[in-house]
Amino acid sequence: MPWYYANNDQRLGPVSDTEFARLARDKIIHDETLVWQHGMPDWKTYAEVAPKLPTSELNPPPIPGMPERAGPSISDVETILAARPVRLNYAGFWVRAAAKIVDSLLLSTIIAIVSKSMGIWVELPPISSLEQLFQFINHMSSDELLQLVARMEAMGRVGLVVGLVYNWFFLKRFSATPGKMILGLSVVRSDGSQLSHGRIVARYFAEMLNRFTLFIGYVIAAFDDEKRAMHDYFCDTRVIKKQRNEGQRKDP
C-alpha cells in the first residue's frame, strides 16, 4: 500500500513499502516525520507507526515478476489527502517561554566560555542603578572606555555567531533546541515537515526582531490559535508538542 510523508517544504509520495523502508533506514523519514497511508484516520509520526508495522511491511522481500500491491488511484488518494490536512499539537505560550529561558541560560554559559577563551570577556562590577553606572564610567580613562566598548562589541559578535550555530545545529539535527527537547517540543513547518537550512537561519534573525517590539512579538503567541510568535509568522514555522494528544485529534 503506498505511503505519503511530509518532508522539508512539501508533502511527498506515493512511495512503495520498499521505498518507505529505505527512506526510514536512510533517516530521510525519521521519528518526527508525519506519514499517512490509505486506511489511516489521520497523519501520524513515523515513531507512532513503526512499532505497529510487521517486519515484512517495513522491509518486504523482493519477489521477481510480482507487481506491487494494488492501492487506490492517485486521484482518489489526493482527494483523501485534501480532506485530511496535517494536524499539529501546538505548544502553548508558557511552555515555549520556559524552553526559551533554558536555551538563554545555556547560550549565556557558552558565550561566556568562548569570550573568556578569546580574552574579550567583560567583568563588570555590581551595578544596581544608573548613578552607579555613571560613576563606574567616570572613573575610567578614555582608553579604558574604548577598550570596554571594543570588548562589548566583540562579545556581541560572538553571541551572534554562537546563537546562530546553536540554533542551526540543533534545529537541523533534532528539530528542537536543548530547551525545547527538555520540554518535549519540536519546531516544524506549518505542514509538519522539517525546517530547511535557509529557513533555520531566517528564523534565527527574524526572532531577533522581537527585541525591537519590546518582546511583544513573543507575547502574541499567547493569543494566536496556532501559538505563533512573530518570527513564526515570518518563516511559516510552528512549535509543537512531540507527543500528540490523541484525545484532541479530530477526525476529518
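The values are calculated or read from the model by the stated rules, or taken from the named source; none is laboratory data. From a predicted model like this one, the values you see are computed outputs, not experimental measurements. Positions of Cβ are backbone-derived with ideal geometry, glycine not excepted, and every protein chain shown enters the neighbour counts.
Details
- Gln132 fulfils the conditions (1) touching a residue at least 60 places away in the same chain (Cβ under 8 Å); (2) assigned to a helix (DSSP H, G or I) except for a single criterion, (1).
- Residues in region 190-224 that are modelled with pLDDT under 90 and either in the same structural domain as Asp42 (by TED's automatic domain parsing) or more than 16 Å from Ile101 (Cα to Cα) (or both): Ser190, Asp191, Gly192, Ser193, Gln194, Phe212, Thr213, Leu214.
- Residue match in region 4-26 (condition: more than 27 Å from the chain's Cα centre (by Cα) and modelled with pLDDT under 80): no
- Filter result (surrounded by 15 or more Cβ atoms within 10 Å (Cβ to Cβ) and assigned to a helix (DSSP H, G or I)) within region 206-230: Ala206, Glu207, Asn210, Gly217, Tyr218, Val219, Ile220, Ala221, Met230
- All positions within region 119-139 that are among the acidic types (Asp, Glu) and closer than 21 Å to Met155 by Cβ: Glu123
- Selection count where residues are of a type in the set (A, V, I, L, M, F, W, C) and surrounded by 19 or more Cβ atoms within 10 Å (Cβ to Cβ), scope region 1-54: 12
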